[in-house]
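What follows is a set of notes on a single structure, which appears directly below.
The values are calculated or read from the model by the stated rules, or taken from the named source; none is laboratory data. Keep in mind that this is a model prediction, so the values were computed, not measured. Neighbour counts are summed over all protein chains in view; Cβ atoms, including those assigned to glycine, are modelled from backbone coordinates with ideal geometry.
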């Protein structure tokens, strides 16, 4: 035990004395959260639009007021004629133009039908679709308020986004960033710190000492387990207090699942340290080998269901995919262990498998 | 004293595929001896030493060190040996005292033992004023001397030194050998590989390895007499001339 404590203390000296390690360890999660939370958002806020109101009746004015009142839109200009629309798109970074026809109100009264034209900037199809939907839903809700009992029978669909009513991008990203950061940091730290000992010749000295190889592995893993854990807490705090993301499920369950992922990542790091001989090599393998699969196959950037079948199959071997599925369900939907036990079992299986293999490999290398 | 055998190898062999790095070497080292293990680059010295320390398993043969079978009782053996590798092997981002504390710690020494021992070692090396400096900031010669002190910090029965004085200036080399003598005086058996023939003269007995086999083993004086040479340089030359393996 005393031997173990000496070792762990030494590991912490290594970490705290290396500014680069510290930066990576604590800078990366914060940067990622801020990046994904604020920059990479697909929410619509204060989108600039123009209106061209030929009707100038109470109805069109009420709709415009309603659009302006919403947080999503910012009516920057009232155009006199539809011919000015294209110029507005080109000059003013406009995403949407809405044209109200002449005699909107009369038309609706006589024909029970009127058309409002929405013109969107299709050069960015995703944004175009989203803003069009927003605008349509605002107009429809206005119509429902105004005419609660329509004369004709008609079916209205009412769409409600549950768990994430405001369609906040961060809801998706935070569990993804948790998976990404925990995977990368834990794999990178362990592999680099073990390879560093190999590189500097201290590994041989350790192996000649009575400190067993298994203990070397454990004492290497424990400090990084603790540090990854601190990271996890930092991410959770940031998402709750900075991104206003609630933790709906049980915190102990989130912590437990995260520990599983951290141990998986530590084992992977150990495996990488077995096959590499220099810190640069370990770093490249860790980053290249982890970053892309985690980004692509975790599911927070690209939906896995939309991928070709072979890629969907491959995604199953990426531990962070299972973690992401679990955390999303627990954190956002607030489900309990009963709903995620299958995914947990898969993750646990992967953890044990990698742990056993990497420890075994580490031992044989010494022989 | 010369009768107690602390290292005994029998037909120790290591093959890497077709290549035989060490070929059936057998020798004995006595307690308290400074045993020089000489040979050209690639002769198989480091391989032999790694096998003796338990870092590498022999293809065949046996070795007994301090009464332990190296491959059957590795854990018991580890407490009785110290090792200084060819590469400089302390933690550069730890201070002098932290290195001593760490290595004392993993050998299971108590805090008081470590403290008392560290004070003595630091005084002996003249490093007591620098004990809170990072090891990385010390000159190479100091690092080497410190690495040796770390290797014998837990008072092993035998210490293995793999080319400990590589790249060090002659004065520091001399001081290094003073440390070796001091350790031998305390009863620690020293097993040392070197390239420097003047250092070979400092050893009680030396063995010469050529192409994976031990070609000669005796005291420096006897070897010089045997090969009719005036210096160890000539002895080495005489023996290594027939070597087939060149430098690695």
Take residues that are buried (at least 20 other Cβ atoms within 10 Å of the Cβ) and tell me which of the strands (runs of 3 or more DSSP E) falling wholly in region B:159-248 contain 3 or more.
B:189-194, B:205-210
Would you be able to say whether some residue in region B:22-45 is buried (at least 20 other Cβ atoms within 10 Å of the Cβ) and either within 14 Å of chain A (Cβ to nearest Cβ) or over 18 Å from the mean Cα position of the chain (by Cα) (or both)?
no
Failed condition for residue B:100, given (1) surrounded by 23 or more Cβ atoms within 10 Å (Cβ to Cβ); (2) in a loop (DSSP other than H, G, I, E, B), with all others met?
(2)
Yes or no: region A:98-105 includes at least one residue that is at pLDDT below 85 and crowded, with 19+ Cβ neighbours inside 10 Å.
yes
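Any residue at all in region A:70-78 that's more than 30 Å from residue A:238 (Cα to Cα), more than 14 Å from chain B (Cβ to nearest Cβ) and under 35 Å from the mean Cα position of the chain (by Cα)?
Within region A:70-78, the first condition is being more than 30 Å from residue A:238 (Cα to Cα), and the residues that meet it are A:75-78.
Right, trim to more than 14 Å from chain B (Cβ to nearest Cβ) and you get A:75-78.
With the extra rule that they be under 35 Å from the mean Cα position of the chain (by Cα), the set shrinks to A:75-76.
Within region A:70-78, one or more residues are more than 30 Å from residue A:238 (Cα to Cα), more than 14 Å from chain B (Cβ to nearest Cβ) and under 35 Å from the mean Cα position of the chain (by Cα).
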Residue within region A:28-47 that is in contact with a strand residue (DSSP E or B) (Cβ under 7 Å, 6 or more places away or on another chain) and modelled with pLDDT of 80 or more present:
yes
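One line per residue, one yes/no per condition, for (1) over 14 Å from the mean Cα position of the chain (by Cα); (2) within 12 Å of another protein chain (Cβ to nearest Cβ); (3) at pLDDT 90 or above:
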position: B:91; (1), (2), (3): yes, yes, yes
position: B:98; (1), (2), (3): yes, yes, yes
position: B:108; (1), (2), (3): yes, yes, no
position: B:111; (1), (2), (3): yes, yes, yes
position: B:116; (1), (2), (3): yes, no, yes
position: B:155; (1), (2), (3): yes, no, yes
position: B:180; (1), (2), (3): no, no, yes
position: B:184; (1), (2), (3): no, no, yes
For region A:115-129, what are the residues that are in contact (Cβ under 8 Å) with a residue 24 or more places away in the chain and within 11 Å of residue A:96 (Cβ to Cβ)?
A:119, A:120, A:121, A:127, A:128
Which of the residues belonging to region B:63-89 are assigned to a helix (DSSP H, G or I) and at the interface with chain A (Cβ under 7 Å from one of its Cβ atoms)?
B:75, B:78, B:79
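Would you point out which residue out of A:137, A:123, A:141 is surrounded by fewer than 10 Cβ atoms within 10 Å (Cβ to Cβ) and modelled with pLDDT of 80 or more? Spell out how you get there, then give the answer.
On the way: A:137 fails: surrounded by fewer than 10 Cβ atoms within 10 Å (Cβ to Cβ); A:141 fails: surrounded by fewer than 10 Cβ atoms within 10 Å (Cβ to Cβ).
Only one candidate passes the filter, namely A:123.
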With in the same structural domain as residue A:174 (by TED's automatic domain parsing), part of a helix (DSSP H, G or I), out of contact with any strand residue (DSSP E or B) (no Cβ under 9 Å at 6 or more places or on another chain) and under 30 Å from residue B:56 (Cβ atoms) as the only criterion, which of A:356, A:346 stands out?
A:356
Just wondering, is there one or more residues in region A:221-241 that are under 17 Å from residue A:33 (Cβ atoms), more than 14 Å from chain B (Cβ to nearest Cβ), under 21 Å from the mean Cα position of the chain (by Cα) and modelled with pLDDT under 85?
yes
Which of the residues belonging to region A:341-362 are under 25 Å from the mean Cα position of the chain (by Cα) and free of Cβ contacts under 8 Å to residues at least 24 places away in the same chain?
A:341, A:342, A:343, A:345, A:349
